[in-house]
Amino acid sequence: MARPGSVVRDTSPAAELAGQVAATMPGYAGKGRGMGTNERAKIVMTPSEVASFLERSRTATVASIGPDGLPHVVAMWYGILGDAVCIETKSKSQKAVNLRRDPRMVFMVEAGTSYDTLRGVSLEGSGVIIEESAGEEYWAAARSVYERYTGPYTDDARPALQFMMNKRIVVKLAPERIRSCDHRKLGMPPMGVTGSTAPFIGAELASPEQTSGLP
């Protein structure tokens with residue numbers, strides 16, 4: 001039995017795993033277990049790795065601050081303008097209203113289906129709203145989004161692009177802070193994909209007929 005006032009450490013497998021996961025997160029202050037400082041530094045992506053990861057990824061999670069002070073979080077397609085990322089959205093959307101009131105935003109992209117393959121990039125900073133009247137930067141952002149999700153842009157696609165951007169704004173984020181991790185750098189043995197969610201990986205790309213037998 002523990003003495004009054006003493007700390008009892010939970011040594012169950014679930015608690016140990018939680019400690020390992022938490023140790024990979026920025027700001028983790030755990031002591032005596034999990035990743036050490038050197039191991040956490042090992043999983044950080046280089047600038048070129050961050051750029052490549054963002055170029056190859058498809059969907060981002062974008063957070064702004066809602067009117068009640070809680071995070072307003074949405075999934076978004078995005079474009080890339082040099083060292084910045086950008087999204088296009090309706091001028092009166094909730095995220096646009098939020099960013100006009102408070103420009104702080106976080107943009108996050110993640111990948112990986114098992115602990116040993118997890119990787120992600122989080123960009124933090126102030127979103128800059130760009131109106132159509134801004135000219136070239138506005139249309140450069142629109143073309144980037146178009147090309148990433150539709151195909152190469154040509155003059156023939158101009159009507160489609162103009163239709164896509166009707167009554168919409170661009171939000172550009174030049175990050176003030178970048179957080180990243182790539183668990184593949186740890187050199188862990190393959191862990192495989194298990195658990196109750198495993199059968200559904202990739203199911204969003206399948207037809208209803210292909211997923212009809214899934215639980």
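The values are calculated or read from the model by the stated rules, or taken from the named source; none is laboratory data. This one's a predicted model, so the numbers in the text were calculated from it and none came from an experiment. Because the Cβ atoms are built from the backbone with ideal geometry, glycine has one as well, and the counts that use them run over all protein chains shown.
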Could you tell me whether the range 80-100 includes any residue that is within 12 Å of the chain's Cα centre (by Cα) and in a loop (DSSP other than H, G, I, E, B)? no
Within the range 44-55, residues in a helix (DSSP H, G or I) and in contact with a Ser or Thr (Cβ under 6 Å, 6 or more places away or on another chain) come out as V50
In the range 56-79, which residue that is touching a strand residue (DSSP E or B) at 6+ places or on another chain (Cβ under 9 Å) and part of a loop (DSSP other than H, G, I, E, B) is surrounded by the most Cβ atoms within 10 Å (Cβ to Cβ)? Y78
Among the residues listed as P190, P159, P175, P152, the single one being in contact with a strand residue (DSSP E or B) (Cβ under 8 Å, 6 or more places away or on another chain) and not β-branched (V, I, T): P175
If you go through the range 50-72 one residue at a time, how many are within 21 Å of Y149 (Cα to Cα) and not small (G, A, S)? 9
Take I130 and decide whether it is in contact with a helix residue (DSSP H, G or I) (Cβ under 6 Å, 6 or more places away or on another chain), more than 28 Å from E39 (Cα to Cα) and not charged (D, E, K, R). yes
Of these, S93, S64, which one is touching an Asp or Glu at 6+ places or on another chain (Cβ under 8 Å) and of a type outside the set (A, V, I, L, M, F, W, C)? S64
Checking the condition modelled with pLDDT of 95 or more and outside any strand (DSSP E or B), which residue from P199, P159 passes? P159
Take the conditions in contact with a Leu (Cβ under 7 Å, 6 or more places away or on another chain) and more than 30 Å from I43 (Cβ to Cβ) and apply them to A160. Does it pass? no
